[in-house]
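> Below you'll find the structure I mean.
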Amino acid sequence: MVTVSPYDGLAPSEWKAKTQDLIDAYPLKPTDIVETTLEAWASIFQSSIGGFHIGQEIFPKPQTMGFFLHELIPLELSKKFPGVWREDRRAGEKDLVYVPDPALSAEIKTSSHPSKIFGNRSYAQESNSTKKDKSGYYVAVNFKLFSFHADGEPDKTKQPEVVRIRFGWLDRKDWTGQTAATGQQANLSPEVESGKLLVIYTGPGSTTSQISLF
């Protein structure tokens, strides 16, 4: 399925206003996305595996922390809005499924980078009809890493924080693959990130801490 871009015919200078319109029309409010993401993040540190607690005895790598968020955000929303939102269950579905209209489903991207998000190389390739459409709504979450002392021991007094949450729409063509033959990453240009992903939350690790209400 080919999704028609809502940005077709618009100059980059007009992208931010269009993204605002898309956010205003979305069935989830930015506050819902922010509150659910922060709740999901907090729940990670209330979890234990085999009797060992995350942030006390277990210090997962960034990919694992991102996986937890990726799984927990849809589950938290399905608990708040049963029958309306749910996690993906089959190939071709977005990470966060809007049951009444799957076209409004969203992808979730997380990164320990302070400001950018990334996709795998497939995001910069032509879509295959057997896989999910790479164009559509995106929730982008940036978080901090665990802190360690010079001797390698973890600093248990500093719990990592979510530093930024953005929401908006990305088209498949917005993703650019690495030029190296072995490159496995797809990136977004600064122009795309600033115009198509609007900041809805900046955390304590940023210069300001606020929820941006649209």
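> Can you work out which of the residues in the stretch 1-31 that are among the β-branched types (Val, Ile, Thr) and part of a loop (DSSP other than H, G, I, E, B) is modelled with the highest pLDDT?
Per the stated criteria, the residue is VAL4.
> Pull up the stretch 8-58, narrow it to residues that are of a type in the set (Val, Ile, Thr) and under 18 Å from the mean Cα position of the chain (by Cα), then point me to the one that is surrounded by the fewest Cβ atoms within 10 Å (Cβ to Cβ).
Per the stated criteria, the residue is THR31.
> Please indicate, with yes or no, whether at least one residue in the stretch 16-33 is among the polar types (S, T, N, Q) and touching a helix residue (DSSP H, G or I) at 6+ places or on another chain (Cβ under 6 Å).
Checked against the condition, which is being among the polar types (S, T, N, Q) and touching a helix residue (DSSP H, G or I) at 6+ places or on another chain (Cβ under 6 Å), the stretch 16-33 yields at least one hit.
> Among the residues of the stretch 32-72, which ones are out of contact with any Phe, Trp or Tyr (no Cβ under 9 Å at 6 or more places or on another chain) and either among the aliphatic types (A, V, I, L, M) or part of a helix (DSSP H, G or I) (or both)?
Selection gives GLU35, THR36, GLU39, ALA42, ILE49, GLN63, THR64, PHE67, HIS70, GLU71.
> Check whether at least one residue in the stretch 164-171 is modelled with pLDDT of 95 or more, within 30 Å of GLU57 (Cβ to Cβ) and crowded, with 16+ Cβ neighbours inside 10 Å, and report yes or no.
yes
> Consider the stretch 22-53. How many of its residues are of a type in the set (A, V, I, L, M) and in contact with a strand residue (DSSP E or B) (Cβ under 7 Å, 6 or more places away or on another chain)?
Of the residues in that region, 7 qualify.
> Follow-up. Being over 29 Å from THR3 (Cβ atoms), at pLDDT below 85 and not hydrophobic (A, V, I, L, M, F, W, C), is that true of even one residue in the stretch 177-198?
yes
The values are calculated or read from the model by the stated rules, or taken from the named source; none is laboratory data. Because the structure is predicted, anything quoted here is derived from the model rather than measured. All Cβ positions, glycine included, derive from the backbone under ideal geometry; neighbour counts span all protein chains shown.
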